[in-house]
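The values are calculated or read from the model by the stated rules, or taken from the named source; none is laboratory data. Worth saying up front: this structure is predicted, and the values here are computed from it rather than measured. When we count neighbours, we look across all protein chains shown, and the Cβ atoms used for this are built from the backbone with ideal geometry, even at glycine. Surface areas here come from the heavy atoms of the whole protein model, side chains and all, with no ligands, DNA or RNA. Shrake-Rupley method; radii C 1.70, N 1.55, O 1.52, S 1.80 Å.
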Amino acid sequence: MRARRRPVLHTVLSALAIAAGATACSADARDTPEPATDSSAHALTADQRRRADQLVSVFENGTPEIQYDYAENLHDGRGVTAGRAGFTTADGDALKVIRAYTQQAPGNPLARFVPVLETQPDTLPDNDYTAAWKQAAKDPRFRRVQDEQVDTRYYRPAMREADRLGLRTALARAELYDAAIQHGTGSDDDALPTLVKRATAKAGAPSEAGEKKWLETFFDVRTDDLNRPKNPDTAKEWRESVDRVAAVRRIAHTGNYNLDGPFTITAFGSRHTIT
């Protein structure tokens, strides 16, 4: 489960994103994640996937530019949160990223932390770890590993959930993807599959209720979970993150269900250009 970054980080990074304007995502091509292929008839196009990734990056890091080198202890019970999708040390997902990277680059700066992450992640030396993560993020192989982990653990499960529901719009699929990043895709009471079940129980299946009505209900269910999560460790951070849902709802109310770009969004009090 992902917690939004602290507001101070949003403030700093948002200023950079606003100054960048419409070119906010003109990062070096080597830093641009390759979208996962999807055989669904309603799969996101490459442009829609790029915009979905930009939205997630705004919500996670306060800028549309993917932040591979971000690393910080948010003191939310999940250890150090790092990378483009907030891989956390206490939950073990950062360990999976580092293991995959170490298979490609055995002498990488993060490899030495594998033993402590496997046995006693709560004893991790945060400062050393965050410095090593930032150093590793300069390596294109590490950025690719982060992209692959996002595709495998969040994007593809979210798209499978969208296929099962019969969701056709890019915006609804992007919302499930963002929820997968923040809530996870497991079986706990705060995870994406549980939120989907709650929304469907309230609104009916999208094929019955209509996709727009179902999505509005999902917004309500997810907002309620962020305000009252079952996991108390995330409560403070998640209450501060409800605007990530409101921001996507505002896109829906403009009628841009196709995620056509460019467009601007306001999130946590700052405006960003999605290209």
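Structure notes:
- Any hit, the stretch 53-71, residues being of a type outside the set (Ser, Thr, Tyr), within 30 Å of Gln120 (Cα to Cα) and modelled with pLDDT under 95: yes
- Top-ranked residue in the stretch 101-130 [being in contact (Cβ under 8 Å) with a residue 40 or more places away in the chain and either assigned to a helix (DSSP H, G or I) or open to solvent by 30 Å² or more (accessible area, probe 1.4 Å) (or both); ranked as nearest to Gly86 (Cα to Cα)]: Thr130
- Just one of the numbered conditions (1) crowded, with 19+ Cβ neighbours inside 10 Å; (2) at pLDDT 95 or above; (3) more than 15 Å from the chain's Cα centre (by Cα); (4) farther than 26 Å from Asn231 by Cα is not true of Leu95: (4).
- For beta carbons closer than 9 Å, sequence separation of 6+ or different chains, a first residue in the stretch 250-264 that is among the acidic types (Asp, Glu) and a second that is open to solvent by 40 Å² or more (accessible area, probe 1.4 Å) and not in a strand (DSSP E or B), the qualifying pairs are Asp260/Asp47.
- Each residue in the stretch 58-90 was checked for being assigned to a loop (DSSP other than H, G, I, E, B) and under 20 Å from Val114 (Cβ atoms), and 9 pass.
- Cβ-Cβ contacts under 8 Å between residues 6 or more apart (or on different chains), taken from a first residue in the stretch 37-58 that is closer than 19 Å to Ala252 by Cβ and acidic (Asp, Glu) to a second residue that is open to solvent by 20 Å² or more (accessible area, probe 1.4 Å) and at pLDDT 95 or above, are listed as Asp47/Gly261; Asp53/Ile66.
- Complete set of residues in the stretch 131-147 that are hydrophobic (A, V, I, L, M, F, W, C) and open to solvent by 30 Å² or more (accessible area, probe 1.4 Å): Ala131
- Members of the stretch 234-259 found to be small (Gly, Ala, Ser) and either open to solvent by less than 40 Å² (accessible area, probe 1.4 Å) or in a helix (DSSP H, G or I) (or both), listed by number: Ala235, Ser241, Ala246, Ala247, Ala252
- Test: residue in the stretch 178-195 that is open to solvent by 20 Å² or more (accessible area, probe 1.4 Å), assigned to a helix (DSSP H, G or I) and touching a Ser or Thr at 6+ places or on another chain (Cβ under 8 Å): yes
- Residue check, Ala174 of a type in the set (Gly, Ala, Ser), buried (at least 24 other Cβ atoms within 10 Å of the Cβ) and more than 19 Å from Asn61 (Cα to Cα): no
- When Ala247 is tested against the conditions (1) touching a helix residue (DSSP H, G or I) at 6+ places or on another chain (Cβ under 8 Å); (2) under 14 Å from Ala179 (Cα atoms); (3) free of Cβ contacts under 8 Å to residues at least 60 places away in the same chain, the lone failure is (3).
- Ala199 passes every criterion in (1) assigned to a loop (DSSP other than H, G, I, E, B); (2) surrounded by 14 or more Cβ atoms within 10 Å (Cβ to Cβ); (3) of a type outside the set (D, E, K, R) apart from (1).
- Test: residue in the stretch 148-157 that is in contact with a Ser or Thr (Cβ under 7 Å, 6 or more places away or on another chain) and open to solvent by less than 50 Å² (accessible area, probe 1.4 Å): yes
- Note on the stretch 218-233: among residues that are assigned to a loop (DSSP other than H, G, I, E, B) and over 18 Å from the mean Cα position of the chain (by Cα), the one that is modelled with the highest pLDDT is Arg228.
- Enumeration of residues in the stretch 216-233 that are among the charged types (D, E, K, R) and either in contact with a strand residue (DSSP E or B) (Cβ under 8 Å, 6 or more places away or on another chain) or crowded, with 19+ Cβ neighbours inside 10 Å (or both): Arg222, Asp225
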